[in-house]
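The values are calculated or read from the model by the stated rules, or taken from the named source; none is laboratory data. For clarity, every value in this text was computed on a predicted model and none was experimentally measured. No Cβ is skipped: glycine too gets one built from the backbone with ideal geometry, and neighbour counts run over all protein chains shown. Ligands, DNA and RNA are excluded from the accessible area calculation, which covers all protein heavy atoms including side chains. Shrake-Rupley method; radii C 1.70, N 1.55, O 1.52, S 1.80 Å.
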Amino acid sequence: MSIPDKQWAQVIEKTGGPVEYKQIPVQKPGPDEVLVNIKYSGVCHTDLHAVNGDWPLPTKLPLVGGHEGAGVVVAKGEQVHDIEIGDHAGIKWINGSCLACDFCQQSDEPLCGKALLSGYTVDGTFQQYAIAKAAHVARLHKDIPLDAVAPVLCAGITVYKGLKESNARPGQTVAIVGAGGGLGSLAQQYAKAMGLRVIAIDSGEDKRKMCLEQLGSAAFVDFATSKNVIKEVQEATEDGQGPHAVILVAVNEKPFQQAAEYVRPRGSVVCIGLPAGAYLRAPVFESVIKMVTIKGSYVGNRKDTAEALDFFRRGLIKAPYQVVGLSELQKVYDLMHEGKIAGRYVVDTTK
Ligand code: NAD
Ligand code: ZN
Ligand code: ZN
């Protein structure tokens, strides 16, 4: 396989953006790394948080963003023996970890203090050739389409993990807050596949239609037009007691301050979305007497990755996505900023 010296990439030169579409050198993988020819990459709201500098964790600069990259292994370091050139692989948010610390030993590698983050602390997948630690790349069966699977590599893994962390069981009800976005659309499909009943919360006719008609949610609550979100969510459950779990994947603070009020007694609130500068708030009295659990959930480990991909491969996960050229990434960010994306955008690195 011939690997070029130069490639197309979207580069952030300074925090705040914009991204610049230009040619940059192709890097060589280190001894424990692989070089993946990225064919498609999903665009996650995390990538936009990185451009904007929304979080109290600095990015590398200049930076190539992206962490939902699906492609083909084209080179590998001399210590890599369990993945071959020509294999299909996915580069996800956790690009590498130490594999030795307390957290790595317990397969909690997202919590590793030395974790490398794709498209944040190391260059990511908005380029044609990207590098990751071989131990952490997702193994993709060759029968999996690389465009459709790209969003699973962050959004899918993350919501699958979050649903597991919620402890909701088949037959119970889960509210997905931010249901119309990338994580939210996949969360509805994973929840359905896990036997859960879903209440989708987001805004606008497009998202309502997508959630109810395409993704199988039982109810939709429009946070922008509802007179009382808390009451409406509770009334959407059979006995009016509220959902057993709430999965928060919204990009605004307000729903993080409402969820504990409508969750069912003994229910759990799982925080996944990362709005800039946001705080959680919950009434102590109700949280105590309702025995509410509030927790965070952060991507997934390698086993969660394999399981989330297996759900996809079995045909259980079908969420809408649109493919555009890598050159159009800034337009995708603009639409995302306005909250206008129903589902996910995926960029094709050849265009
Ligand atoms: P997205 O832009 O595709 O979707 C966000 C959705 O939230 C939009 O549909 C928007 O309309 C909706 N929303 C905004 N305000 C709302 C409100 N008040 N109530 C309900 N919905 C509301 O974003 P995405 O790519 O799905 O990412 C979502 C968030 O998850 C981002 O903050 C991202 O950084 C974070 N994230 C976290 C993890 C993790 O491991 N914890 C992993 C990936 C992404
Ligand atoms: Zn570690
Ligand atoms: Zn992501």
Self-check item: the chain, dipole about Cα centre (Lys/Arg Cβ +1, Asp/Glu Cβ -1), debye to the nearest 20
Solution: 380 debye
Quiz prompt | Helix 182-193 axis, angle to the chain major axis (alpha carbon atoms, nearest 10°) | solution = 70 degrees
Quiz prompt | Distant-in-sequence amide H partners of residue 39 (H built 1.01 Å from N, under 5 Å) | solution = 70, 71, 72
Quiz item: Using alpha carbon coordinates only, what is the Rg to Rh ratio of region 156-296, with Rh defined as the Kirkwood radius?
Solution: 0.92
Quiz item: Pick from 265, 170, 110: which is most flexible by mean-square fluctuation in a GNM of the chain where alpha carbon atoms under 10 Å apart are linked?
Solution: 170
Quiz item: In deg cm²/dmol, rounded to 500, what helix-only [θ] at 222 nm does the chain give when every DSSP H run of at least 4 residues adds -39500 (n - 2.57) and the total is split over its residues?
Solution: -6000 deg cm²/dmol
Practice problem: Starting from the eigenvalues of the Cα gyration tensor, five times each then square-rooted, give me the equivalent ellipsoid semi-axes of region 221-346, largest first, whole Å. | Solution: 30, 20, 15
Quiz prompt | Linear extension gain, residue 335 paired with residue 323, 0.36 nm per residue minus alpha-carbon span | solution = 2.9 nm
Self-check item: Most mobile listed residue (250, 282, 187) in the chain, GNM with C-alpha springs under 10 Å
Solution: 282
Exercise. For residue 337, tell me the accessible area in Å² from a 1.4 Å probe, rounded to the nearest 10.
Key: 140 Å²
Self-check item: P(r) of region 24-143 over all Cα-Cα pairs, binned every 10 Å from zero, in whole percent
Solution: 15, 45, 34, 6
Practice problem: Return the distance in nm (one decimal) between the two label points of a simple spin-label model at residue 227 and residue 284, each offset 7 Å from Cα along Cα→Cβ. | Solution: 3.4 nm
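What longest region of the chain stays clear of GluC sites (Glu not before Pro) that DSSP places outside H, G, I, E and B and that have at most 14 other Cβ atoms within 10 Å?
With GluC sites (Glu not before Pro) excluded where exposed in loops, the chain gives 85-237 as its longest stretch.
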Quiz item: Mind checking which aspartates and glutamates have their C-alpha under 13 Å from residue 303, skipping anything on the same chain fewer than 8 residues away?
Solution: 108, 109
Self-check item: Alpha carbon centroid spacing (whole Å) that separates region 272-292 from region 57-75
Solution: 33 Å
Quiz item: Got a number for the accessible area of residue 230? Probe 1.4 Å, square angstrom, nearest 10.
Solution: 40 Å²
Quiz item: For region 77-131, taking Cα atoms only, what is the radius of gyration to one decimal and the Dmax to the nearest whole Å?
Solution: 12.6, 35
Quiz prompt | region 156-296: relative contact order as a whole-number percent, Cα under 8 Å and 6+ apart | solution = 21 percent
Quiz item: Which part of region 299-333 falls in the paramagnetic zone of residue 350, meaning amide N under 19 Å from the point 7 Å along Cα-to-beta-carbon?
Solution: 322-329
Quiz item: Cα axis of helix 155-166 to longest principal axis of the chain: angle in degrees, 0 to 90, nearest 10?
Solution: 40 degrees
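As an exercise, identify the chymotrypsin sites (Phe, Trp or Tyr not before Pro) in region 198-302 lying in DSSP coil whose Cβ has no more than 14 other Cβ atoms within 10 Å.
Loop-located and lightly packed - 279.
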Self-check item: Among 216, 96, 181: highest mean-square fluctuation, GNM of the chain, C-alpha pairs under 10 Å
Solution: 216
Self-check item: Normalised contact order of the chain, rounded percent, pairs of Cα under 8 Å and 6 or more residues apart
Solution: 18 percent
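What full-extension length gain, to one decimal in nm, is calculated for residue 314 and residue 111 as 0.36 nm per residue of separation minus the Cα-Cα distance?
In short, 70.1 nm is gained.
Would you work out the relative contact order for region 1-120, in percent, from Cα pairs under 8 angstrom that are 6 or more residues apart? Before the final figure, lay out the partial values.
Numbers: 222 pairs, mean separation 28.7, N = 120.
Relative contact order here is 24 percent.
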Quiz item: For region 226-269, how big is Rg over Rh, using alpha carbon atoms and the Kirkwood form of Rh?
Solution: 0.95
Quiz item: Can you give me the Cα centroid spacing of region 235-271 and region 117-191 in angstrom?
Solution: 22 Å
Practice problem: Using every pair of alpha-carbon atoms in region 62-213, split the distances into 5 Å bins beginning at 0 and state the percent of pairs per bin, rounded to integers. | Solution: 2, 9, 15, 17, 18, 16, 12, 7, 3, 1, 0
Quiz item: So how strong a dipole does region 156-296 carry about its Cα centre when Lys and Arg Cβ are +1 and Asp and Glu Cβ are -1, to the nearest 20 debye?
Solution: 380 debye
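Return the ratio Rg/(2.2 N^0.38 Å) for region 207-288, where Rg is computed over Cα atoms only.
1.10
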Exercise. Just grab the label-to-label distance for residue 214 and residue 6, each label 7 Å out from Cα along the Cβ direction, in nm (one decimal).
Key: 3.8 nm
Quiz item: How large is log10 I(q)/I(0) at q = 0.09, 0.11 Å⁻¹ when the Debye formula is applied to the Cα atoms of the chain, each weighted equally and without solvent?
Solution: -0.46, -0.69
